[in-house]
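Please read the structure below before turning to the comments.
Read-outs throughout are calculated quantities, based only on the coordinates presented, and are distinct from any laboratory measurement. Just so it is clear, the structure is predicted and the values come from calculations on it, not from any experiment. Quick reminder, even Gly has a Cβ in these numbers, built from the backbone with ideal geometry, and neighbours come from all protein chains shown.
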Amino acid sequence: MAVAILVPVVLFSALALNMLRSSVREESLRVLRETASATALVVDREMASSVASLELLTASPSLEVGDMAAFYEQARLLNNDQMSWIMLIDVLGEQVLHTHIPLGQPVPQSLLFDDMWKAVESKRPVVSSLTRNALDGSFMTVIYVPMKTRTGKTFVVAKGFSLDFFMKTTFERHTPPGWVIALLDQDARFIARNLNNEQRVGQQARPEQLEAIRAKGSRIIRHKTIEGVDSYDAFTQSQVTGWSIAVAAPVEAVETAAVRAAAVAAMGFLVAIGVAILAAAALGRQLVKSIADAAAAASCLGARQPPRQPAESKVLELRNLQVALTEAGGMLRQEQLSRQQAETKLEELLQSEYEARLRAEAENQAKDQFLAMLGHELRNPLAAIGGAIALDRQQAHQKGEASPIDSQARQIIERQSQHLGHIVNDLLDISRLAGGKISLATRPLDFGALTEGCLDALRATGRTADFSLTISRQPVWVDGDATRLEQSVSNLLGNALKFTPPGGEIALQVGEEDGQAVLRVRDSGMGISAELLPHVFDVFMQGPASLDRSQGGLGIGLALVRQLVRLHGGTVEAMSAGQGLGSTFTIRLPRVEAPAQAQEPMKPMKTAPTSEAEAESQWLALPQASAPVASVASAQHAAPHLLLIEDIDDVRRMMSQLLELEGYRVSDTAHAREGVCMATEQQPSVGIIDIGLPEMNGYDVARALRANPLTRHMGLMALTGYGQDEDRRKALEAGFDVHLVKPVDVEALFESIEACAKLAQSRKLAAKPNLQEARQGVSIT
């Protein structure tokens, strides 16, 4: 019986040992491959970082204006490593400056490197193979990044690396004894090697290595190294440089580990087999007694009694049976204990999940607070700039002496200020969409008329003067939010203008296809590459940036379009035949039947709101003035007295001067408590109050004014950088009549002031008897 049992065990043990040996060997080779891949990643990381720093230098304004001293200092700041240096090479291949040579001293002239001209012709960064340093004749490698200034000059910004750089960054890590790591260039010449580096640099790889390198991808070969060691050699390629990485491990080290593991396992099997044979011979006499003891224990268990502890059997199977029978009596108790442990573990998991959810909610709240603070901090300076622009425009209009240069400069500042405001709003909108915080106010709309209105608004800004714009539209109705659809159409039009050169053509077509409302925006611009096309609607995705960043933007405009169109149940897609062949963006929305009394949708405002924050700044909590306010003097006999509380000096100064120029009487202060006292003493008609004030915030100021009988009639306007839904709700609850977000449209500001002044007058008349009593009983502190 023992032989019948042991023969299969021995056979399967031998098979298992062979499989174990093969498994250990494969594991060692896998580690070899991973080491090669990890080394390639280190090389890619270092070279990609260097390419990024060189591309940053190509955008330096100092190079545009020829300020070589400033450019030299910038290059030195970006490269403070003695094992690498930055060079500026002109179109003739001559070095203009070298960061290892003081500016003004002669710079050795480079040869006309083929790799440099490849970079110039392809307009892409190129990593060279192994070459010689013009300074000392040592080996080096170079990254070439081409650029072209606005004046048409062509330069190459290059970064050279000594071979010590790769020895330090690539090979300074723990490597098993006997392993050889080598870095080879595109011509299969050694750049760096952790063994006998000085003798091997510049040498050609062995024939079998060349064959493995030409095969591309990851590959392992067995061969003898240059030192004559029989080794397994793993090859892989650097994606950034095109170089090859070879990692070799001695065959003896790999095979020895596998043989050692198999030997240890075999010894264990032999010992087990010997013990089993001895036990089979000795335990035969104990079979009857052991079986009887087991039967007695089973009888006790059947009677639900604790079994007696039998004498330990020398037969393995019977001993296991005795143990099982003995343990069976405690199964119920063990099951109960296990259940209690499981319940405890479940409670711990539930508590952990609850704490994780609390952390996630806290992080989400922190993100919302950060976005609110970001909008506030960016909108405050934009408000000062916008106020200065409006003030300058009003003064120029009154004097009638603005020169064409002044007008052009003012228009540039105004456009760029609006551009910054759109960037802030896009950032806030993309976050709101991700958090599901944007809801739509839908109604039936003529999509064609809405699109034409967006185009008219864009023409009014003057941005389309250098382009040929055409529109073909048919009445087609959709159920949508006018503000959000205008935002989507405006973003597509802005994208077309951004990537179409002056003189280009942009065509819009609106109609019905397959029961859907369809808008196509075609342009003759730079087009979209096949690699970028599937990702154009991803957040922060942009095409290759030009050296001067003329297109600008953050790469979130098209992402907003996709999210807003999806909220309407539609789709948006992009098509392009390739770079330089223009592009077409298509929006498809569910079509609805025209209402019984179809009307053209309202044309967009002078600057169509492109975000929820902008829409809030143009939506008042009280009725709008019946007509835009061109001048206070012509609108009424006595200009309202205004109180302006704003802690940012530039914003307060510009706003005060703008309002006074418009004819208002303005009292201003930077302090909230002083503003409350001024309101009590002077009793102005309207208060324009910032929210983020020191000492006490704008909400507290509004509550204090509403609680005072002498000031509760005032019209209160919140003018703030906080523009989220929660901020507007808090403002209205605190007692504000209007919530405006910086930078505010000047016409909207004047309309709001007039509406608040009328509201204040009506409140004052309604509370006149009580007001007289309050004047007699209120003291100013």
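A few remarks follow.
- Cα gyration tensor shape of the stretch 88-203, rounded if a/c is under 1.5, else prolate or oblate by comparing a/b with b/c: prolate
- Highest mean first, the peptides 58-67, 240-249 sorted by other C-beta atoms within 10 Å per residue fall in the order 240-249, 58-67.
- Near ILE86: Cβ cut-off under 14 Å, other residues only, Lys/Arg at +1 and Asp/Glu at -1. The net charge is -1.
- Difference of contour (0.36 nm per residue) and Cα-Cα distance, ALA707 to ASP44: 232.1 nm
- In this structure, the pairs whose alpha-carbon distance is over 30 Å, taken from LYS730/LYS764; LYS118/LYS216; LYS148/LYS168; LYS123/LYS216; LYS123/LYS224; LYS148/LYS742, are LYS148/LYS168; LYS123/LYS224; LYS148/LYS742.
- Formal net charge of residues neighbouring MET267 (Cβ-Cβ distance under 15 Å; K, R +1; D, E -1): +2
- Packing rank of 93-102, 491-500, where each peptide gets the mean count of other beta carbons within 10 Å, highest leading: 491-500, 93-102
- The stretch 1-81 - Rg and Dmax from Cα coordinates, angstrom: 30.0, 97
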